[in-house]
Amino acid sequence: MSSNKNYDISSFDLTLMSAATGLVLLVVALATAALTEIPKATITLVFILVLVLFEAVICYFAFIIHKKNKTEETAKSLEHLISEVVRQLDFPSVITTADGKILWANKKMLELCGAQNQMALSGKNFSILSGVPMSEIITATGKKVITVSDSNFYASSYLMEAADRDYWMTTLEDRTEIDLLEKQINSESPVVTYISVDNLEELIQHVQGSYREAAAEVDEIVTSWAQSIGALIREYDREKYLVIFPKARLEECIESKFDILDRVREVRFGDGSMSVTVSMGISAVGKDINERSRNAQTALETALQRGGDQAALRTANGIEYFGGKTKISQKRTKIRSRVIADKLIGHISEAGNVLIMGHKNPDFDSIGSCIGLARLALAYNPNVKIVVDSNNSNFKCSTAQLISAMPEYEDIFIGAARGLDLIRSDTLLIMSDVNNLKIVESSDIAANVFNTVIIDHHRKIAEFEREPLIAYIEPSASSASELVSELIEICSMGSSASDAARLSRHEANVMLAGIMLDTKNFTRTTSERTFSAALYLRAAGADPEYARTFFFADLSSFVTESKLGSEVRLYRERIAITVCEGNGTPDDRIAASKTADTLLTVQNIDAAFVLIRTDDAIAISARSNGKINVQLILEKIGGGGHFDAAGAQIKNTVSREVLEQLRGAIDSYLDGDSRL
């Protein structure tokens, strides 16, 4: 403080000081000359030197003082200018203490608050105006949205320091008009929809009826629905429609759960037991109309891969599904199978090596389809391996004779660790009987191989993070072994590798067991294609009696099944649920599925759910007689599968919690929620 006071003098004061000092020095010099014998020339020289030195010091201080005054002047001018700029800002501003106490507000802020609130600003918290505490605004990361006097603002805060204290300056950016404009643009943005009739041609082949009348009725329903939501509609191909409507009407469609699905389903044939269904792919996201169109087409493909009769809505958060109330109809054709076979052979031939794997805890269908794919791949590429858990009981009993009779299979089956070592840039990975990458035999292999092929008969759970080269997902097929049998049959007819692609009886036995497993000995989800595949396997030497021996259960599994059967409880009058602690082995899942099948033989039971603990998870096996879609129910808790056969696995929980989740999913389904 004292140093500042020393410099607090004016230029006039320095001038007076300089004159007084010069006069004093002159007097001293004259007195010295009169009273001493020192030569006058010396005295004069010393006087001049001292005077010059003193004047130099005086000039230096004068320069410092002048500079300081100029700086202070500039600072005051800038301070005044900044104060005026802030005061005249076009957006409301306030200055507060660190705890949110308002110290100052500019003109715009006072105008925003109104005369009745101006006094309230003084020393008060901003929450009196905005409902949001000032302390919360200034500590927010980025901009915070608040409402003041029915207007929307972005609040931005900036830290300032003065006199060793922290202050915050907060500015408000009016977003009201911009938000209204964005809302209007968003509501008017186009939603692209593709609609495809699933099964009209297939139904015509099986029932008596007029194709034109049915097609016209479906066309009328689709057109009427499009007009009701103000949409543009064009039929771009036979029974395929492009529909574009404003996003403002999308919520209306969601609330009605895309009731067009139900209206089309009312179009029936023959005795009324068979109905027409449609699939829809809708996209409300994308930077432009072309991207939304691509997203809608992808969503439609997903809906079809899930079995049809549903709407797949692509949003910023992923895909939502609606519908899926009917059993899957036969959709694939021999032509598509041939196209898939040709593509698959091409990728196998170009690959440096081929890895094949199914799902964890493999069943006979997973093992059989992998063996069939290995036989097909070996005809075009010698470097083929099957990644599988060789300790699995299903694997041991179904491949024991195969390995002993065919030496080439001794080195084909490998574990997941060795499979990782075989990955190359040109490796082709074929996944069979699974499209959920979380439950494949090795998720690490699936994540690290770039070129993938998926062959599966389960409904598609979600979009793939990386699109596979081939996604042959056909929920209408009984099993993956059925799909692979068709591919092998096509490839073994007239090709140069026909002999090498033919199945041996040992391979055919395992594949036949896979079909028998998923069809419950040809009593469920069968079609003419299923029996055709079985006939081909039988011609290759498969023995149904021998394949049936794979299903023999040991005593522990029999005991587990008995325990599960004794704990059955009836829920909602027609659903059987049973819960049991398992033995901690993979065979528990087999016991659960067998128990679920058995429960369906009980009178008035439309669906059965069996819960069993296996290691750190609760496994659920679900079966239905066709009146209840168990796949939709289990999808709500993270599972999946087919209309009448599904499963789920929930980790790190207890049976009681899983049972409550299951009951909630059943209630949601039975009470009419068609959103998947």
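The values are calculated or read from the model by the stated rules, or taken from the named source; none is laboratory data. Since the structure is predicted, the reported quantities are computational estimates derived from the model, not experimental observations. Heads up, the Cβs are rebuilt from the backbone with ideal geometry, glycines too, and the neighbour counts pull from every protein chain shown.
This table checks each residue for (1) touching a residue at least 12 places away in the same chain (Cβ under 8 Å); (2) in a strand (DSSP E or B); (3) not β-branched (Val, Ile, Thr).
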| residue | (1), (2), (3) |
| --- | --- |
| Phe322 | yes, yes, yes |
| Ile345 | yes, no, no |
| Cys370 | yes, no, yes |
| Thr399 | yes, no, no |
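Of the listed requirements (1) at pLDDT 90 or above; (2) among the small types (Gly, Ala, Ser); (3) touching an Asp or Glu at 6+ places or on another chain (Cβ under 9 Å), Ala226 misses just one: (3). Residues in the range 110-128 include none that are touching a Phe, Trp or Tyr at 6+ places or on another chain (Cβ under 6 Å), at pLDDT 70 or above and surrounded by 12 or more Cβ atoms within 10 Å (Cβ to Cβ). Per the listing Lys636, Lys594, the residue uniquely in contact (Cβ under 8 Å) with a residue 40 or more places away in the chain and either touching a Lys or Arg at 6+ places or on another chain (Cβ under 9 Å) or crowded, with 21+ Cβ neighbours inside 10 Å (or both) is Lys594.
Residue-level check: of (1) more than 19 Å from Gln631 (Cα to Cα); (2) of a type outside the set (Asp, Glu); (3) not in a loop (DSSP other than H, G, I, E, B), Ser279 misses just (1).
Picking from Ala215, Ala231, Ala248, which residue would you name as being out of contact with any strand residue (DSSP E or B) (no Cβ under 6 Å at 6 or more places or on another chain), crowded, with 17+ Cβ neighbours inside 10 Å and at pLDDT 80 or above? Quick ask: steps written out before the conclusion?
Numbers: Ala231 fails: out of contact with any strand residue (DSSP E or B) (no Cβ under 6 Å at 6 or more places or on another chain); Ala248 fails: crowded, with 17+ Cβ neighbours inside 10 Å.
Only one candidate qualifies: Ala215.
Given the criterion closer than 17 Å to Ala351 by Cα and surrounded by fewer than 21 Cβ atoms within 10 Å (Cβ to Cβ), identify the matching residue among Leu420, Leu429. It is Leu420. Being without any contact (Cβ under 8 Å) to a residue 24 or more places away in the chain, among the aliphatic types (A, V, I, L, M) and out of contact with any Cys (no Cβ under 7 Å at 6 or more places or on another chain): is that true of Leu45 here? Yes; evaluated as a whole, the condition is true for this residue.
Do you know which of the residues in the range 523-535 that are assigned to a helix (DSSP H, G or I) and within 41 Å of the chain's Cα centre (by Cα) is nearest to Ser485 (Cα to Cα)? Explain how you work it out, then say what you get.
Looking only at the range 523-535, we keep the residues that are assigned to a helix (DSSP H, G or I), and these are 528-535.
If we keep only those that are within 41 Å of the chain's Cα centre (by Cα) too, we end up with 528-534.
Values: Glu528: 14, Arg529: 10, Thr530: 10, Phe531: 11, Ser532: 9, Ala533: 6, Ala534: 8 Å.
Among those that are assigned to a helix (DSSP H, G or I) and within 41 Å of the chain's Cα centre (by Cα), it is Ala533.
Of the residues that make up the range 178-199, is at least one closer than 30 Å to Cys253 by Cα, modelled with pLDDT under 75 and assigned by TED's automatic domain parsing to the domain that holds Ala303? Looking through the range 178-199, at least one residue is closer than 30 Å to Cys253 by Cα, modelled with pLDDT under 75 and assigned by TED's automatic domain parsing to the domain that holds Ala303.
Residues that are closer than 23 Å to Lys520 by Cα, outside the structural domain of Val434 (by TED's automatic domain parsing), assigned to a loop (DSSP other than H, G, I, E, B) and within 24 Å of the chain's Cα centre (by Cα): does the range 623-635 have at least one?
Step one: filter the range 623-635 for residues closer than 23 Å to Lys520 by Cα, giving 623-635.
Among the residues that remain, those that are also outside the structural domain of Val434 (by TED's automatic domain parsing) are: 623-635.
With assigned to a loop (DSSP other than H, G, I, E, B) added as a condition, the list becomes 625-629.
If we keep only those that are within 24 Å of the chain's Cα centre (by Cα) too, we end up with none.
For the range 623-635, residues closer than 23 Å to Lys520 by Cα, outside the structural domain of Val434 (by TED's automatic domain parsing), assigned to a loop (DSSP other than H, G, I, E, B) and within 24 Å of the chain's Cα centre (by Cα): absent.
Scanning the range 434-475 for residues that are aromatic (Phe, Trp, Tyr) and over 16 Å from the mean Cα position of the chain (by Cα) gives Phe450, Tyr472. The requirement of being outside the structural domain of Leu428 (by TED's automatic domain parsing), modelled with pLDDT of 80 or more, part of a loop (DSSP other than H, G, I, E, B) and surrounded by fewer than 16 Cβ atoms within 10 Å (Cβ to Cβ) is fulfilled somewhere in the range 311-320, by at least one residue. Name the single residue that is surrounded by the fewest Cβ atoms within 10 Å (Cβ to Cβ) among those in the range 33-45 being among the β-branched types (Val, Ile, Thr) and modelled with pLDDT of 75 or more. Among those that are among the β-branched types (Val, Ile, Thr) and modelled with pLDDT of 75 or more, it is Thr36. When the criteria are applied in full, Ile666 meets the requirement of being outside the structural domain of Thr519 (by TED's automatic domain parsing), of a type in the set (Val, Ile, Thr) and either crowded, with 21+ Cβ neighbours inside 10 Å or in a helix (DSSP H, G or I) (or both). Looking across Leu81, Leu25, Leu49, one residue alone is modelled with pLDDT of 75 or more, farther than 22 Å from Thr147 by Cα and out of contact with any Pro (no Cβ under 7 Å at 6 or more places or on another chain). It is Leu49.
Looking at this structure, is Phe258 more than 11 Å from Tyr194 (Cα to Cα) and in contact with a Pro (Cβ under 9 Å, 6 or more places away or on another chain)? Talk me through it step by step, then tell me what you get.
Numbers: more than 11 Å from Tyr194 (Cα to Cα): yes; in contact with a Pro (Cβ under 9 Å, 6 or more places away or on another chain): no.
In short, no.
Test Leu376 against the criterion of being buried (at least 22 other Cβ atoms within 10 Å of the Cβ), part of a helix (DSSP H, G or I) and in the same structural domain as Ser492 (by TED's automatic domain parsing), and give yes or no. Working first, answer last.
Details: buried (at least 22 other Cβ atoms within 10 Å of the Cβ): yes; part of a helix (DSSP H, G or I): yes; in the same structural domain as Ser492 (by TED's automatic domain parsing): yes.
Taking the combined requirement at face value, the residue satisfies it.
State whether one or more residues within the range 161-176 are aliphatic (A, V, I, L, M), modelled with pLDDT under 80 and over 30 Å from Arg234 (Cα atoms). Break it down into steps so the answer makes sense when it comes.
Here is the first cut: in the range 161-176, the ones aliphatic (A, V, I, L, M) are 162-163, 169, 172.
Keeping just the survivors that are modelled with pLDDT under 80 gives 162-163.
Pick out the ones that are also over 30 Å from Arg234 (Cα atoms) and you get 162-163.
There is at least one residue in the range 161-176 that is aliphatic (A, V, I, L, M), modelled with pLDDT under 80 and over 30 Å from Arg234 (Cα atoms).
Residues that are at pLDDT 75 or above and of a type in the set (A, V, I, L, M) were ranked within the range 85-97; the one that is surrounded by the most Cβ atoms within 10 Å (Cβ to Cβ) is Val94.
Within the range 581-629, the set of residues being within 20 Å of Glu657 (Cβ to Cβ) and modelled with pLDDT of 85 or more comprises Phe609, Val610, Leu611, Ile612, Ile618, Ala619, Ile620, Ser621, Ala622.
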